[in-house]
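Below is one structure, written out as structure tokens; comments come after it.
The values are calculated or read from the model by the stated rules, or taken from the named source; none is laboratory data. Bear in mind the structure is a predicted one, so any value in this text is a computation, not a measurement. Using ideal geometry, Cβ is built from the backbone for each residue, glycine included, and neighbour counts are taken over all protein chains shown. With ligands, DNA and RNA removed, areas are computed over all heavy atoms of the protein, side chains included. Shrake-Rupley method; radii C 1.70, N 1.55, O 1.52, S 1.80 Å.
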Amino acid sequence: TPYTTVPEGDISNQYVPHIERMKTLKIIPPNIDNSIVGEKVSKLISFNSFAESRDRNDQVSSVGNTGYHQFKTNDPNNPHIQESLETIYNRFKRNTDTIKDFEMPADLVQMAKNGFVSLENVSKESQDILALSNYIEDFAADIETGKRLPTGTGSGYMTAYLEAAPGSLEEKQALQNLYFNVQHKSKKGITGKDLQIIKDNFETSYNKIFK
């Protein structure tokens with residue numbers, strides 16, 4: 001196995017709710033301790049931040065996505081339309097409401113009160129925990145066809161990523177599956193030039209963070 005079992009170590013407090021959720025979903029293999037999981041998810045989020053925005057909070061995409069992880073904020077002129085930032089916040093809140101002693105970061109609480117219209121005063125740490133919750137997802141879909149994959153596929157990708165030895169081909173493949181079929185899943189699928197952009201960006205970002 002890639003890792004030896006050692007006493008559970010501390011992990012960054014920001015990831016505690018995610019670790020608890022992954023335990024509930026049985027994503028974390030029993031032979032991997034919390035410190036290894038913490039290192040893995042931290043690297044995953046570093047990868048995603050670089051891939052999505054080149055670590056720039058002021059990065060705005062052609063479709064209006066913004067922040068380190070390129071969430072779509074709500075339009076204050078159309079508050080009834082829920083965009084990705086509100087969706088992911090609601091999912092994160094729903095998944096953490098049952099975790100004892102967890103308190104939602106104050107900047108995320110204020111962001112919600114303001115109607116999810118801006119990430120301007122939301123810390124990178126808080127944006128990171130939202131982004132990670134997007135990866136802890138049973139639901140996955142083929143990036144090219146949009147076809148929904150069997151229930152549990154997304155969780156399986158994360159387990160494979162956690163189990164894989166650092167720097168191995170297995171780790172890269174698991175990361176690619178997460179980035180393509182979980183992070184970039186869509187109902188219609190992604191093809192042609194748009195797909196090639198995602199593939200090229202994956203390679204660039206993988207080489208930057210994992211090599």
For this session: Can you tell me the alpha carbon radius of gyration of the chain divided by the globular rule-of-thumb value 2.2 N^0.38 Å?
Result: 1.00
Problem set entry | By average C-beta atoms within 10 angstrom, highest first, the peptides 92-99, 75-82 | 92-99, 75-82
Problem set entry | Solvent-accessible area per residue, Å², over the chain with all protein chains present [probe radius 1.4 Å] | 53
Seminar exercise, completed: Close lysine pairs (the range 36-165; alpha-carbon distance under 20 Å; 8 or more apart or on separate chains) counted at 8
Problem set entry | Label-point separation in nm, SER42 to LYS193, each point 7 Å along Cα→Cβ | 4.0
Exercise. Rounded, prolate or oblate: which one fits the range 35-157, using the alpha carbon gyration tensor with axes a ≥ b ≥ c (rounded when a/c is under 1.5, else prolate when a/b beats b/c, else oblate)?
Worked result: rounded
Seminar exercise, completed: Calculated from DSSP helices alone, with each H run of at least 4 adding -39500 (n - 2.57) and the total divided by the residues of the chain, [θ]222 nm to the nearest 500 comes to -15000 deg cm²/dmol
Exercise. Roughly how many percent of the accessible protein surface of the range 95-164 is carbon and sulfur, given a 1.4 Å probe and a whole-percent answer?
Worked result: 48
